[in-house]
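Each remark here refers to the structure printed beneath this line.
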Amino acid sequence: MSHVTTIAAARRWMPVALALALAACSGKEETPAPAAEGAATPATTPAAPAVAAKVQSMGTEQLRDSASRALAENRMYAPAGDNAIEYYLALRDKTPDDASVKSALTDLLPYTLIAAEQHLGREDFAEGQRLVALIEKVDPSAPALPRLKEGLTKGVQVAAKRTEDETAKVKKDAEDRAKQLVEQQRLAEQRAKEADAAKQIAAQQDAARRDSERQDAERQAAARREAEQKQQQA
């Protein structure tokens, strides 16, 4: 089958397949959103090429077959390196005058736009950045592109700021707990010292009481002996 026939056949059912893929956008094409604390990574690492190197290295017929198979399996824009839009982009680079390839990319673009917005909304910035790069590769003048890029930049900044605030809060909470522990230890030591002092005072008072009782007993005994002596003398 010629490449025109292959792409034409694929385009006849592609809108239905795209609609099904979009309806199942939370299925196999989507990847879980990363944790917020890693959200700033895409903005600080170099962006990978929009089209994977292994895709760019494929031959024309291999690209056509892979694109048709990706459409049939609802791999419109994901996973990276094995999806219809990357195959068509590589095919467009090799056959820039093929109108059917350009038309296929035009059909795929709206769904890639929606997917990019969904990933940015979930703060999946790595995947969102990849999809934005694909959109820019398809059409550098796409009206939604500036908004998506701005959303990506702001989203990363907001996530990074939130992570920074959360980190600062965790640090402050840890410092507050450390201060509380130090204060509790100080109070415990102070109470222990007060208890020891109270025991010492009580021991001193008890010793003084016993000494006073002993002295009183000795005086009374001396008085009795003296009275007995006087009585004997009399």
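Some points to look at:
- Within segment 142-162, the residues that satisfy the criterion of being more than 25 Å from Asp82 (Cα to Cα) and among the small types (Gly, Ala, Ser) are Gly151, Gly155, Ala159, Ala160.
- Residue among Asp139, Asp196 that alone is out of contact with any Pro (no Cβ under 8 Å at 6 or more places or on another chain), more than 19 Å from Ala50 (Cβ to Cβ) and not β-branched (Val, Ile, Thr): Asp196
- Criterion: at pLDDT below 95 and among the aliphatic types (A, V, I, L, M) - qualifying residue of Ala160, Ala116: Ala160
- Residues within segment 80-116 that are surrounded by fewer than 16 Cβ atoms within 10 Å (Cβ to Cβ), of a type outside the set (A, V, I, L, M) and within 31 Å of the chain's Cα centre (by Cα), tallied: 2
Every residue, every condition in (1) surrounded by 12 or more Cβ atoms within 10 Å (Cβ to Cβ); (2) more than 30 Å from Phe125 (Cα to Cα); (3) aliphatic (A, V, I, L, M); (4) modelled with pLDDT under 90, yes or no:
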residue: Gly155; (1), (2), (3), (4): yes, no, no, no
residue: Glu164; (1), (2), (3), (4): yes, no, no, no
residue: Glu183; (1), (2), (3), (4): no, yes, no, no
residue: Arg191; (1), (2), (3), (4): no, yes, no, no
residue: Glu194; (1), (2), (3), (4): no, yes, no, no
residue: Asp216; (1), (2), (3), (4): no, yes, no, yes
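- Some residue of segment 154-176 being in contact with a Leu (Cβ under 9 Å, 6 or more places away or on another chain) and in a helix (DSSP H, G or I): yes
- Checked against the criteria, Glu136 does not count as within 25 Å of the chain's Cα centre (by Cα), closer than 30 Å to Pro110 by Cβ and in contact (Cβ under 8 Å) with a residue 24 or more places away in the chain.
- Each residue in segment 92-133 was checked for being within 20 Å of Arg64 (Cβ to Cβ), without any contact (Cβ under 8 Å) to a residue 24 or more places away in the chain and touching a Lys or Arg at 6+ places or on another chain (Cβ under 8 Å), and 2 of them qualify.
The values are calculated or read from the model by the stated rules, or taken from the named source; none is laboratory data. Every value quoted in this text rests on a predicted model; they were computed, and no experiment measured them. Ideal geometry is used to build each Cβ from the backbone, glycine not excepted, and the neighbour counts take in all protein chains shown.
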